[in-house]
Structure formats: C-alpha cells, structure tokens
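Working notes, structure below.
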Amino acid sequence: MGMPNIKRVDRLVAISVLGSLLTVWLVLTGFDAVTQFLRQLGSVGKNGYTLTDAVVYVLVTFPRRAYEMFGNAALIGGLLGLGGLAGSGELTALRAAGMSRLRIAGSAAGVVAVLIVGVVILGETAAPWGDQQAQVMQLRMKSGNLGLGNASGLWARDGDDIINARGTTLKQHDGVSEVQLSDVRVFTFADDGRLSRFQWAKTATHNGHQWILHDVRSTTLDAQGTHATTMPSEPWPSSLNPQVLAQSVIQPQYLSMRDLRRNMHYLESNGESPGSYAVAFWGRALYPLNVLVLVLCAMPFAFGALRSGGLGKRLFVGMLLAVGWYFMQQAMVNFGTVYGLSPLLANLLPASLLACVAWLYFRRRV
C-alpha cells in the first residue's frame, strides 16, 4: 500500500477514535462534575456558602476532573472508535490490504499521544490552580477563622493570636492523614492592640492531644525591652482543629509536579520519608506512559471480540478494562508502600506488565 493510502488510513482511524474519545471524555467529566455539584448543594447555607460558590467550586475543579478522566476516556473512546470500524468491516478491509494490527493500533494511539500533550499541560497548570481555589473556598466554609494565601500560606486567628504557617504538608501515621505546619509564626497582641509576643517555629505538629512547636524562638516585648529565648520544643495551646486543617490541605494527587517535588525535597531534607508525595509524583510523571500502554492493550479487543459486538458490548469491555487497570495499579502501589518498594518502580510495574502483554500479542499476530 502506498504512502498516500497510509495517510488516508491514519486519517480514517484518527477521525473515528477522536470523535468517540471526545464524546466519552465529555460525558465522563460532565457526569463527575454534576455529581460533585449535587454534593456541594448540601453545604449551601453553611458559613455563608452560597449556590454561586457551589457553581464556582465545580468550575474551578473541572480541569482536574478532565485530567483524571482522560485515561478512561482514551481507553473507552479507542475501543468505540476502532470497534465501530470493525463492526462496519473497514478493519477487515484494512487487514486484507496488508495493514498490520500494530500499525492500525499505532494510528489510534497516535491520536491519544497528541491529546496527552495538552492534557499534561492542563494537569500542571489550570488543574492545580483550580484545586487551590477550591480548597480556599472549602476552608472558608468550614472555619471562618482560617484563610489561605497563594504565596503567604495559612493564616488563622486564634483568640489574641494571629498565626501564619508558610507551609503545610500531609503525613500518613497509622493510616491517618496528619497535617504538619512549617515555618510557623505566632503573633500575640495585648488588649490595647500592641504586639506583646512573637514566636517562630520550624514546624508544628499535633500529637493527638495538643499542638507542639519544634525549634522555637520566642521574643517577648514589654516596658523593659525585648527578651528572646529558644527551645527545642514546647506545647502550643492553640485551638486550631487538626482535622479541619488536614482536610483543607491540597491532596498530593492534586498538586503539580513542581509542588510535589518541593514537598518531597522538604521532607527528605528533614530525614523523613516523602511517602504519598513521592507516589503522586511518579504517578504524574508516568501518566502519559500509562495511558498509551492502556490504550494499546485494549486494541486487541477491537480486532477480535468487538468485531461483531454492538455499542453496549464495547462500553462494557472498556469499563471492565478501566476498572481492572485502576485496581491493579492501586494494588501495586499499595504493595510497594507496605514492602518498601521504590515509588518509581511501583508505578512503573503495571505499565511494564501491560506493555509486555501488548508486545506478545502484536508479535504473534502481525
């Protein structure tokens, strides 16, 4: 078959797969957004949270939802697109003309690869920004004394104290997410509005009963002047709710790779395990590979089982593969976390396994 014909084949496959993929992507993301909107309606009226806030919340988190749903949309859309060509006999004609399964599957994967570039950019820019705005809204609804600034971190009013924490990280302890504040500043004011005490701490943690400041430097201001002291740690009688703070911190999987790397570096520099931040980082880094491998591994169904199947059968197979892939990947990541496997290796193993399966299939059925 000549080059012009091959280009026409690529165009035929691309149009079929692209149309199905975009349709499925819009349906999945839209359904997820509507579901979240219904959940947000339950919070309307709490601490000034309005219907407009609920709409804005869904809109600013839509890029992240689109990013998360793209993998499933690519899988199901690819099956629907090639399955439609198989059902009409066009795939059979292409095979009779000498086109290999791998070549046809490569055309479908090529469409996905082009879209992935834009999806990755979306996931590193608009999606994290939108989630930060959404978390600010949720934090304001849960506690009127708390606020978040993009550059200045967490701000809170606690009686006569004004608290500022430049950094917040989530840590896993006994399966529970705990928040750790870093670069903490506590401003204490007297009744006449004058600053009477200033405290700076490297970190602040909650031990289940009270807050503890670590590496503390305190400065007291009175009529005799200023008095400074340093302590390795000291109790901090703050009423900040650690559960509310933990819920308000951006989840690792919603952060950009740059922010994930920064948090990993901070934890590693303090001799702590990067934990969920490392898992999320490598999951994001390997996202394009995972999507492409998943799409390629689904293509054999279009050549065989879906040839005589209708739309319902293709959707069922696509959703079955998506659910199976999700649980396999989560199981491998959890296995790696429990047994100390590198997060890079734990995220890479499922894609490597599927890539081997796809290679064996296309090698045997050229």
Magnitude of the Cβ-charge dipole of region 160-269, K/R +1 and D/E -1, about the Cα centre, nearest 20 debye? 440 debye
Calculate the dipole size of region 1-101 relative to its Cα centre from +1 charges on Lys and Arg beta carbons and -1 charges on Asp and Glu beta carbons; express the result in debye to the nearest 20. 200 debye
Compare the Cα positions of Ala204, Tyr266, Val184 along the charge dipole of region 160-269 (+1 at Cβ of Lys, Arg; -1 at Cβ of Asp, Glu; about the Cα centre) and return the one farthest towards the positive end. Tyr266
Please report the Cα spread of region 160-269 along all three principal axes, rounded to whole Å, starting with the longest. 50, 26, 24
Take the alpha-carbon centre of region 3-44, take the same for region 176-228, and report the distance between them in whole Å. 50 Å
Where does each of Phe189, Phe362 land when they are ranked from fewest to most other beta-carbon atoms within 10 angstrom? Phe189, Phe362
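Just so you know, all these numbers are worked out from the coordinates, no wet-lab data involved. Predicted model only: the values in this text are computed from it and were never measured. All Cβ positions, even for glycine, are placed from backbone atoms using ideal geometry, and neighbour counts span all protein chains on display.
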